[in-house]
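Here the structure is laid out as structure tokens; the discussion comes afterwards.
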Amino acid sequence: MRALILATVLFSAVSANAATLTVGTTGTIYPMTFTRNDELQGFDIDVINAIADVTGDDVEFVTMSLSSLIGALDAKKVQTIANQITITPERADKYLFSDPYVIDGAQVVIRDGNENEITGVEDLRGRSVGVILGSNFEALLRELDYADEIDIRTYDTNILEQETVMGRIDAYVRDQMSAIQVIDEVKLPLKLAGTPFAPMYNGFPFAEDQEGEALRVKFDDALQVLRENGKLTEISEKWFGRDVTTENSQD
């Protein structure tokens, strides 16, 4: 009942000022944002659409390369980004962020059969390790005390899995929930090595100005409604088979 009342009040407050939310995304990172049968879909896409359902806004998705997203936000070509954006101290100093809508961790993934050689992040010394170009995973690896002993290689979009399967790299790092989803659905000979070695909190970034603050409040209010009415959990279970939107997702 509380969620219904909040949703009704929030919708009434914004319906008179309903607008179009311009949202940047790549459409290339399965299962967060990807294109299938010429349709943009994924977990992040569903969450944005659910937020818009609460606020009464329309949504315009603008697709571009991963490296262009932050620049588009800076230039106000988009109002926010739905592309698995991790909240980091550096980003939080420059942008306003919504409350986290995903709680995850950085996960090492290896080829099936190599589990005796690489059991976790501590075994990456002297190994070649792939990350998505422009993602936060490179920074997480470089924070390790032995980072200078790791051959970190960056790749466009999602070719990390194939590079690992073919043995061209020893392992790759990405978020645990997406790694599990790819392994389960695509059925590649890959395995998780150990447990996540660094926590990750995904949020929607906004410009640090008056408009950005208004959008942040709007998104946080809508996310609260979606948590309380179960919609956020429903979207998560649709894409991951579990709830990745709470602290319990890492238990």
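The values are calculated or read from the model by the stated rules, or taken from the named source; none is laboratory data. Keep in mind the model is a prediction, meaning the values are calculated, not measured. Cβ atoms come from the backbone with ideal geometry, glycine included; neighbour counts cover every protein chain shown.
What do you reckon, is I87 of a type in the set (A, V, I, L, M), in contact with a Leu (Cβ under 8 Å, 6 or more places away or on another chain), closer than 18 Å to I29 by Cα and not assigned by TED's automatic domain parsing to the domain that holds M177? When the stated conditions are applied, I87 does not pass them. Filtered by the rule that a residue be in the same structural domain as M64 (by TED's automatic domain parsing) and free of Cβ contacts under 8 Å to residues at least 40 places away in the same chain, the range 91-130 gives A92, D93. The set of residues in the range 188-217 being touching a helix residue (DSSP H, G or I) at 6+ places or on another chain (Cβ under 6 Å) and within 25 Å of A75 (Cα to Cα) consists of F204, F206.
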